[in-house]
Amino acid sequence: MSKILGIVFSNMHDIRMGKITEHRTMASVPFGGRYRLIDFVLSNLINSGVQDVGVIAKSNFQSLMDHLGTGKEWDLSRKKGGLTILPPYATHEAVFYRGRLEALGNALSYIRASKAELVVMTDCDNIASIDYAEVIRYHKERKADVTVVYKNKPITDSIHYDVTTISMDEDNRVNAAYVNPESDQGNVLLNMTIIDKKLLERIISDAASANFYSFTNGVLQRGNQRLKIYGYEFNGYVADLKSLQSYYDCSMELLDPKVRTELFPRERPVYTKVRDEVPVRYGINAHTKNSMIADGCIIEGSVENSIIFRGVKVGRGAVVKNSILMQGTWVGENSRLDGVVTDKNVMIRDAKTLMGCKEYPFFIEKGTIV
């Protein structure tokens, strides 16, 4: 696995997430009480033995850089290799990329400098616990040029954007790819790809000459006849985040113990930036039920079916239900929240009532005072 290079696309689906990615990249979206989306991606790579990872950034990546630091938490702080941030305009030929091939073109010198034989490419919008060593073994057994990871599942309204499905023959060789198909079920790509490094370099160069920028269009659709492209089926849990609605739905699924067991297996831990916070402090009249509450919180009211990030305070007499409160949110006394998603550092004054619903959660932007 020392001959594997990891490439992470941090911005591919920002536009679909609305206000939650207005001031941050997709990779740094908070998830699960104490994590960022990129934590799951990097943890999968490092747990699979990948030691060199390049993170391709596009815009709004200051919070991402603050979170990643030197990569120490993921054992990627190394003298040679390790974690590398690949910002836009790193060279005079760089462009503000429109798709994966243009993004890879900006990082071509980094890819060429690597001594890896294979490249693992992944986005940050599909959260799962996957062992890439198994996918690579499958890739080598099939003598594939490209292997894409997919999951056969329903295509719900909340994720029916930027969805690519594939069809395959009886040997799992890909023969067609469809973008945003009008279907309710399909082999949905998880945007996790294994590819030969030399082949990837050639594809990037050819794409620049032919003005291709989409990996799906340029490789999966146009190249499936001349390239040996295979599909690897993943059967575990996947949180597919392509809209604010799907973010809310997948976050609420974390309250199911079976989902948490699949997403946080003991043998493949999820690493994140360490923050030294005090334990949660519960008031004498506090009440909690079926919720995830991170360190550093003060709970004096009632919290039910909710996910509470670090440093949140819920005042006396306040009731929080079916909600997601991000870091630093302050809920005043006797306030009532139901179906609400707050970004960081939101203040809700005393005796306020804010109501959303499961089908349409009420989102409050970062730093808002209500």
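The values are calculated or read from the model by the stated rules, or taken from the named source; none is laboratory data. Keep in mind the model is a prediction, meaning the values are calculated, not measured. Note that each Cβ is placed from the backbone with ideal geometry, even for glycine, and that neighbours are counted across all protein chains shown. In case anyone asks, the SASA skips ligands and DNA or RNA and just uses the protein heavy atoms, side chains included. Shrake-Rupley method; radii C 1.70, N 1.55, O 1.52, S 1.80 Å.
For region 264-310, filtering for residues that are not in a loop (DSSP other than H, G, I, E, B) and not basic (Lys, Arg) leaves 12.
Only residues that are in a strand (DSSP E or B) and either in contact with a helix residue (DSSP H, G or I) (Cβ under 8 Å, 6 or more places away or on another chain) or farther than 20 Å from SER246 by Cβ (or both) were counted across region 311-337, and they come to 10. Counting only helices (runs of 4 or more DSSP H) that fall entirely inside region 4-115 and contain at least 1 residues that are touching a residue at least 40 places away in the same chain (Cβ under 8 Å) and more than 17 Å from the chain's Cα centre (by Cα), the qualifying elements are 100-106, 108-113. Can you spot a residue in region 307-315 that is modelled with pLDDT of 95 or more, of a type in the set (Phe, Trp, Tyr) and either within 30 Å of TYR138 (Cα to Cα) or under 26 Å from the mean Cα position of the chain (by Cα) (or both)? Yes - at least one qualifying residue is present in region 307-315. For region 263-274, state whether one or more residues are modelled with pLDDT under 95, closer than 17 Å to PHE309 by Cα, open to solvent by 90 Å² or more (accessible area, probe 1.4 Å) and touching a helix residue (DSSP H, G or I) at 6+ places or on another chain (Cβ under 9 Å). Taking every residue of region 263-274 in turn, at least one turns out to be modelled with pLDDT under 95, closer than 17 Å to PHE309 by Cα, open to solvent by 90 Å² or more (accessible area, probe 1.4 Å) and touching a helix residue (DSSP H, G or I) at 6+ places or on another chain (Cβ under 9 Å). When region 139-163 is filtered for residues that are touching a residue at least 24 places away in the same chain (Cβ under 8 Å) and within 20 Å of ARG226 (Cα to Cα), the ones remaining, listed by number, are HIS139, ARG142, LYS143, ALA144, ASP145, VAL146, THR147, VAL148, VAL149. Out of the residues in region 343-370 meeting the condition of being in contact (Cβ under 8 Å) with a residue 24 or more places away in the chain and not in a loop (DSSP other than H, G, I, E, B), tell me which one is least open to solvent (accessible area, probe 1.4 Å). Once the filter is applied, the top-ranked residue is ILE364.
The residue list ASP66, ASP75, ASP52 contains one member that is open to solvent by 70 Å² or more (accessible area, probe 1.4 Å), modelled with pLDDT of 85 or more, farther than 30 Å from ILE364 by Cβ and not aliphatic (A, V, I, L, M), which is ASP75. Applying the criterion of being of a type in the set (Gly, Ala, Ser), under 21 Å from PHE362 (Cα atoms) and free of Cβ contacts under 8 Å to residues at least 24 places away in the same chain to the residues of region 275-316, the residue that is most open to solvent (accessible area, probe 1.4 Å) is SER302.
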